[in-house]
Amino acid sequence: MAKINVSDEEESTENLPEEPKNEKGGDSGSEEQSQNETEIPLTEMSKDQLIEKIAEVQASADANMDSYLRSQAEMENMKRRFQKDKQDLVKFGNETLTKQLLPVADNLEMALDHSKDENSIEALREGVDLTLKGLMNVLEKAGVELVEAVGATFDPNFHEAVSEQEDDGAEPGTVLRELQKGYLLNKRLIRPAMVIVNKK
């Protein structure tokens with residue numbers, strides 16, 4: 001029979017690694033304990049804990065109030081800026097058109113200066129004609145258009161009939177004469193043309 005060496009068996013068991021011990025109450029236990037402490041109901045808190053809790057809540061409330069007041073102040077500033085921009089828009093909205101009309105006024109002044117000379121009637125007429133063309137050019141750039149009148153069929157949406165005349169050479173209801181021009185601003189009527197219409 002084979003002999004078993006007991007001493008060798010004891011040495012082999014001694015060299016085996018030790019099994020890890022299951023230690024309880026480590027870091028996880030401390031975390032659970034701290035969570036339990038923070039979740040203590042108010043009715044179970046001590047006086048010191050209640051005072052500390054009130055201080056935390058008060059600090060949070062103060063921070064929220066400060067943020068609210070800052071937001072309100074910013075909204076008021078934005079509202080004031082908006083009102084100022086709106087007033088400036090109304091006040092200076094026609095600045096571009098006004099600048100374009102200034103040369104027209106200059107030309108009229110020059111025409112009046114030339115009219116003082118009795119021999120410059122023709123020059124005055126030409127000056128006024130050029131001034132009128134310049135004015136109409138400025139108005140056209142601003143979206144102003146003339147209402148079609150003479151020769152057109154009378155349209156109460158664009159024409160204002162002052163009187164009627166008979167003209168066998170024109171169709172009934174046709175505009176014969178224009179007493180005052182009508183104008184559109186960006187396709188919207190701002191003044192109807194005053195006209196004389198052929199009787200129907």
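Observations on the model:
- In the range 130-147, of all residues being touching a residue at least 12 places away in the same chain (Cβ under 8 Å) and surrounded by fewer than 13 Cβ atoms within 10 Å (Cβ to Cβ), the one that is nearest to Pro192 (Cα to Cα) corresponds to Gly143.
For every residue, the table says whether it meets (1) surrounded by 10 or more Cβ atoms within 10 Å (Cβ to Cβ); (2) at pLDDT 80 or above.
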| site | (1), (2) |
| --- | --- |
| Glu19 | no, no |
| Asp27 | no, no |
| Ile51 | yes, yes |
| Ala55 | yes, yes |
| Ala73 | yes, yes |
| Lys99 | yes, no |
| Val104 | yes, yes |
| Asp113 | yes, no |
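- Glu126 being in the same structural domain as Lys200 (by TED's automatic domain parsing) and surrounded by 12 or more Cβ atoms within 10 Å (Cβ to Cβ): no
- The lone exception for Lys86 - which of (1) exposed (fewer than 10 other Cβ atoms within 10 Å of the Cβ); (2) at pLDDT 80 or above; (3) not hydrophobic (A, V, I, L, M, F, W, C) it fails: (1)
- Residue within the range 134-156 that is under 19 Å from Ile190 (Cβ atoms), acidic (Asp, Glu) and assigned to a loop (DSSP other than H, G, I, E, B) present: yes
- Pairs with Cβ under 8 Å, 6+ apart, first in the range 171-200 and at positive phi and loosely packed, with under 12 Cβ neighbours inside 10 Å, second of a type outside the set (A, V, I, L, M, F, W, C) and assigned to a strand (DSSP E or B): Lys187/Glu145
The values are calculated or read from the model by the stated rules, or taken from the named source; none is laboratory data. Source: prediction; values computed, not measured. Every residue, glycine among them, receives a Cβ derived from its backbone with ideal geometry; neighbour counts consider all protein chains shown.
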